[in-house]
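> Mind looking over this structure? Questions follow.
The values are calculated or read from the model by the stated rules, or taken from the named source; none is laboratory data. For clarity, every value in this text was computed on a predicted model and none was experimentally measured. Here Cβ is always computed from backbone atoms with ideal geometry, including for glycine, and neighbour counts include all displayed protein chains. Note: areas computed on protein heavy atoms with side chains; ligands, DNA, RNA excluded. Shrake-Rupley method; radii C 1.70, N 1.55, O 1.52, S 1.80 Å.
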Amino acid sequence: SFSLKSMPDEAIAYDYTATRTIGLLFDLDENEQAVEIATTIGDRSMEMAEYMIAQGVGMNYELQKSLVVLNELGRTLLQNGEDELAKKYSDAYEKYVGDLGLNRGRM
């Protein structure tokens, strides 16, 4: 938690690596901070995926990262009782995978 206070999102933007931090925060009963970070990176990932799909760029590294984040967030949030937020990101993941024609299930 010290590192998050000394390096908040405003100073160094959270990225896909923060998905691991979210699980650790839940383990430490820092649920409010875990949800805050999850919402920040989850919403950014949704925006990036929507933009890239709309632009028709196909699967690239940035889009793949966004999908991985959404998939991981859905799983982590569900495991920690944040069902509504978990559903938001899981549903977004499924939609984008469908939009891309990747109906092979979860990554």
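> Among the numbered criteria (1) among the acidic types (Asp, Glu); (2) closer than 15 Å to residue 14 by Cβ; (3) open to solvent by 60 Å² or more (accessible area, probe 1.4 Å), which one does residue 83 miss?
Checking residue 83 against (1) among the acidic types (Asp, Glu); (2) closer than 15 Å to residue 14 by Cβ; (3) open to solvent by 60 Å² or more (accessible area, probe 1.4 Å), the one that fails is (2).
> Follow-up. Restricting to the stretch 15-26, and then to whatever is free of Cβ contacts under 8 Å to residues at least 40 places away in the same chain and β-branched (Val, Ile, Thr), can you tell me which residue is surrounded by the most Cβ atoms within 10 Å (Cβ to Cβ)?
21
> Can you pull out every residue in the stretch 70-100 that is farther than 17 Å from residue 49 by Cβ and either touching a His at 6+ places or on another chain (Cβ under 9 Å) or of a type in the set (Asp, Glu) (or both)?
Selection gives 82, 83, 84.
> Residue 35: in contact (Cβ under 8 Å) with a residue 12 or more places away in the chain, part of a helix (DSSP H, G or I), among the hydrophobic types (A, V, I, L, M, F, W, C) and surrounded by fewer than 19 Cβ atoms within 10 Å (Cβ to Cβ), yes or no? Full working, then the answer.
Values: in contact (Cβ under 8 Å) with a residue 12 or more places away in the chain: yes; part of a helix (DSSP H, G or I): yes; among the hydrophobic types (A, V, I, L, M, F, W, C): yes; surrounded by fewer than 19 Cβ atoms within 10 Å (Cβ to Cβ): yes.
Criteria met by residue 35.
> Every residue in the stretch 49-66 that is aliphatic (A, V, I, L, M) and more than 20 Å from residue 77 (Cα to Cα), please. Before the answer, list the steps.
In the first step, residues of the stretch 49-66 are kept if they are aliphatic (A, V, I, L, M); the result is 49, 52-54, 57, 59, 63.
Matches in the stretch 49-66: 52, 53, 54, 57, 59, 63.
> Keeping to the stretch 49-61, report how many residues are in a helix (DSSP H, G or I) and either touching a strand residue (DSSP E or B) at 6+ places or on another chain (Cβ under 8 Å) or open to solvent by 70 Å² or more (accessible area, probe 1.4 Å) (or both). Spell out how you get there, then give the answer.
Filtering the stretch 49-61 for residues in a helix (DSSP H, G or I) gives 49-55, 61.
Next cut, either touching a strand residue (DSSP E or B) at 6+ places or on another chain (Cβ under 8 Å) or open to solvent by 70 Å² or more (accessible area, probe 1.4 Å) (or both) only: 50-51, 54-55, 61.
Adding up the residues that qualify gives 5.
> Continuing with the same structure: Given 43, 29, which one is open to solvent by 20 Å² or more (accessible area, probe 1.4 Å), part of a helix (DSSP H, G or I) and either under 13 Å from residue 85 (Cβ atoms) or at pLDDT 95 or above (or both)?
Numbers: 29 fails: part of a helix (DSSP H, G or I).
Going through 43, 29 in turn, the sole match is 43.
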